[in-house]
Amino acid sequence: MRLDCPGQSDPHAHAGAISKALLPVLISASPDLVVVQGDTSSALGGALAAKMAGFPIAHVEAGLRSHDRRRPWPEEEFRIAIDRDSDLLFAPTELSVANLRRERVGGVVHLTGNSGIDAALSIRRRLDSPCPKPGASLLVTCHRRENWGAGISGIAAALRAIAREKFARVEVVLHPNPELSRHIRNLLSGETGIVLRQPCSHSEMVEAMVASDLVLSDSGGIQEEAAALGVPLLVLRERTERPEAIACGTMELVGTDPNCIVSAVRRRLGSNSPPVEALPFGDGRAGERIAAIVSEWLAAKHVAERASLFPESRRRANA
């Protein structure tokens, strides 16, 4: 169902609006378990509504940590808050499990991989092999709030330099946020060698990544997907909650300084190293594991509830 809670400039206010709209829906539905995925304001709003209504919470993509609440903001504090209130925590990697153990979360932690990799690999299997194109191609996305302002300006300056020197074609996928999209258009429209692309579906994004020689992004999900798809990635951030991809050699942090970005792009495109596919965030079966764990948890919950309703029957069965 639609909650009709469009995004807001204040993500905390948006999370509150989501929780307020969702609360009566949850109370009416009376679910056995509320599953939230990720670290967006919508995910936090769902978790807050479930907590207020007294329903158990399961968090998919639990335990990711940059260990800096400002980077990314507000996602880092949102994911911490969701994990703190969750009964089931589905962590994508051993490191995310260790983060949760260190924080002594109250819920039960399971290592499952990330369902986002399931989706990306499924899409990849359906795609035809990309047609070779002359020259190098660069795919870019940027939307993190900590990059708004000076960060976006630095990224745009780097892309203009790359396009003017003509050592790569640049395709920028715009974000659905109209204010951010307008700002990027103002910085890059009319630049020869730079194509601004409308927001696209997940399938279209995976296809664009596979067809690219190099991706530049500040997205969290793309850090996982690029590794699984074997596409090198430069992360336009100072910190990451997914260091596993750095350890695999599939990505590096470059920040938003124009000189650092241009230098890293030159080095990566000039490398003769073949693409490396890595699966630190899951093998494509996370959904199966999560479904099995949830099914087992629900069965145990129903047995416990039945026993509490009929204690005399339980005592006879144990006699």
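Of the residues making up region 227-284, those that are among the hydroxyl-bearing types (Ser, Thr, Tyr) and at pLDDT 95 or above are Thr240, Thr256, Ser263. Within region 130-148, restricting attention to residues that are part of a loop (DSSP other than H, G, I, E, B) and either touching a helix residue (DSSP H, G or I) at 6+ places or on another chain (Cβ under 9 Å) or of a type in the set (Asp, Glu) (or both), the residue that is nearest to Leu196 (Cα to Cα) is Cys142.
Go through region 191-215 and report how many residues are under 19 Å from Lys133 (Cα atoms) and surrounded by 16 or more Cβ atoms within 10 Å (Cβ to Cβ). Step through it out loud before you land on a result.
Going through region 191-215, the residues under 19 Å from Lys133 (Cα atoms) turn out to be 192-197, 204-215.
This time we only want the ones that are surrounded by 16 or more Cβ atoms within 10 Å (Cβ to Cβ), so: 193-194, 196, 205-215.
So the answer is 14.
Among the residues of region 1-43, the one identified as touching a His at 6+ places or on another chain (Cβ under 9 Å), more than 27 Å from Ile290 (Cα to Cα) and among the hydrophobic types (A, V, I, L, M, F, W, C) is Cys5. Please count how many residues of region 272-296 are without any contact (Cβ under 8 Å) to a residue 24 or more places away in the chain and either within 22 Å of Ser212 (Cα to Cα) or more than 23 Å from the chain's Cα centre (by Cα) (or both). Selection size over region 272-296: 5. Within region 101-108, is there a residue that is closer than 22 Å to Ala15 by Cβ, in contact with a Leu (Cβ under 9 Å, 6 or more places away or on another chain), part of a loop (DSSP other than H, G, I, E, B) and in the same structural domain as Ser42 (by TED's automatic domain parsing)? There is at least one residue in region 101-108 that is closer than 22 Å to Ala15 by Cβ, in contact with a Leu (Cβ under 9 Å, 6 or more places away or on another chain), part of a loop (DSSP other than H, G, I, E, B) and in the same structural domain as Ser42 (by TED's automatic domain parsing).
Candidates in region 271-309 are the residues that are of a type in the set (Val, Ile, Thr) and touching a strand residue (DSSP E or B) at 6+ places or on another chain (Cβ under 8 Å); of these, the one that is farthest from Ile246 (Cα to Cα) is Val294. The set of residues from region 271-290 being among the small types (Gly, Ala, Ser) and out of contact with any helix residue (DSSP H, G or I) (no Cβ under 6 Å at 6 or more places or on another chain) comprises Ser271, Ser273. Would a scan of region 291-306 turn up a residue that is surrounded by 14 or more Cβ atoms within 10 Å (Cβ to Cβ) and either touching a His at 6+ places or on another chain (Cβ under 8 Å) or modelled with pLDDT under 85 (or both)? The answer is yes; a qualifying residue exists. Gly116 falls short on exactly one of the conditions (1) surrounded by 20 or more Cβ atoms within 10 Å (Cβ to Cβ); (2) out of contact with any Phe, Trp or Tyr (no Cβ under 8 Å at 6 or more places or on another chain); (3) in contact (Cβ under 8 Å) with a residue 40 or more places away in the chain, and that condition is (2). Restricting to region 52-78, name every residue that is crowded, with 19+ Cβ neighbours inside 10 Å, within 21 Å of Trp297 (Cβ to Cβ) and not small (Gly, Ala, Ser). Hits for region 52-78 are Pro56, Ile57, His59, Val60, Glu61. Restricting attention to region 53-68, the residues that are out of contact with any strand residue (DSSP E or B) (no Cβ under 8 Å at 6 or more places or on another chain), small (Gly, Ala, Ser) and over 20 Å from Pro31 (Cβ atoms) total 1. Just so you know, in region 105-146 the residues that are under 23 Å from Val265 (Cα atoms) and of a type in the set (S, T, N, Q) include one that is farthest from the chain's Cα centre (by Cα), and it is Ser137.
Results for (1) touching a residue at least 12 places away in the same chain (Cβ under 8 Å); (2) over 27 Å from Trp73 (Cβ atoms), shown as yes or no for each residue.
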{"position": "Phe167", "(1), (2)": "yes, yes"}
{"position": "Arg185", "(1), (2)": "no, no"}
{"position": "Gly190", "(1), (2)": "no, yes"}
{"position": "Ile194", "(1), (2)": "yes, yes"}
{"position": "Glu204", "(1), (2)": "no, yes"}
{"position": "Val215", "(1), (2)": "yes, no"}
{"position": "Gly220", "(1), (2)": "yes, no"}
{"position": "Cys248", "(1), (2)": "yes, no"}
{"position": "Thr256", "(1), (2)": "yes, no"}
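The residue list Val35, Val25 contains one member that is closer than 19 Å to Gly287 by Cβ and either charged (D, E, K, R) or surrounded by fewer than 23 Cβ atoms within 10 Å (Cβ to Cβ) (or both), which is Val35.
Do the conditions hold for Arg125, that is, is it closer than 20 Å to Asp68 by Cα, free of Cβ contacts under 8 Å to residues at least 12 places away in the same chain and assigned to a helix (DSSP H, G or I)? No, not satisfied.
The values are calculated or read from the model by the stated rules, or taken from the named source; none is laboratory data. None of the values given here were measured: they were computed from a predicted structure. Cβ coordinates were reconstructed from backbone atoms using ideal geometry, including for glycine residues, and neighbour counts include every protein chain displayed.
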